[in-house]
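Working notes, beginning with the structure itself.
Please treat every number below as a calculation from the coordinates, not as lab data. Here the structure is a predicted model, which is why all the values come from computation and not from measurement.
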Amino acid sequence: MAEKASLATLLEEYQTIPAKVAEVNYQDQDSIKAYNKAVKRMHTLASRMSRDYDLKGARALAKLLEEVEYDTHLWVARHLLEHFDVDKEVGEKALNLMEEAAKGEGIQAIEFQTWLNKYYAQGEQNQKEDTP
């Protein structure tokens with residue numbers, strides 16, 4: 001069985017990935033493959049932080065909501081909402097960041113709009129399941 005990575009190690013690796021993702025060239029298949037691999041790795045790291053460190057992992061990752069370079073704050077917002085049970089303040093901040101990004105123009109805004117639609121639909125489904 002593999003040894004559990006420290007939270008600092010997971011967070012350090014996570015922080016390096018948005019810069020790689022920002023370099024994507026949509027005209028180059030190899031670049032797109034590298035982008036997809038990097039995005040998948042961020043999801044994996046966020047999932048591991050959630051699984052292994054729960055609230056401590058959420059707090060550590062939430063500190064990166066202020067990091068705007070390479071849109072790190074947007075990746076963090078998404079992963080906090082997808083992988084963690086965050087407190088109300090962090091959840092609202094993350095959701096506000098996603099909603100602001102969805103108001104923009106271009107492919108990225110459309111991606112955020114799609115993500116938000118799925119997120120809200122999942123929330124409505126969860127509410128229906130919780131209602132007796």
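Key figures
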quantity	calculated
Label assignment, Cα Rg over 2.2 N^0.38 Å derived from the structure, set [x] 1.71; [y] 1.10; [z] 1.04	[y]
Reachable lysines from LYS33, criterion Cα separation under 17 angstrom, eight or more residues apart if same chain	LYS20
Too-long pairs where the Cα-Cα distance tops 29 Å, listed order kept, from LYS56/LYS93; LYS93/LYS118; LYS37/LYS118; LYS4/LYS118	LYS4/LYS118
Rounded if a/c under 1.5, otherwise prolate or oblate - region 80-125, Cα gyration tensor axes	oblate
Value at 222 nm in deg cm²/dmol, rounded to 500, when DSSP H runs of n ≥ 4 in the chain each add -39,500 (n - 2.57)	-26500 deg cm²/dmol
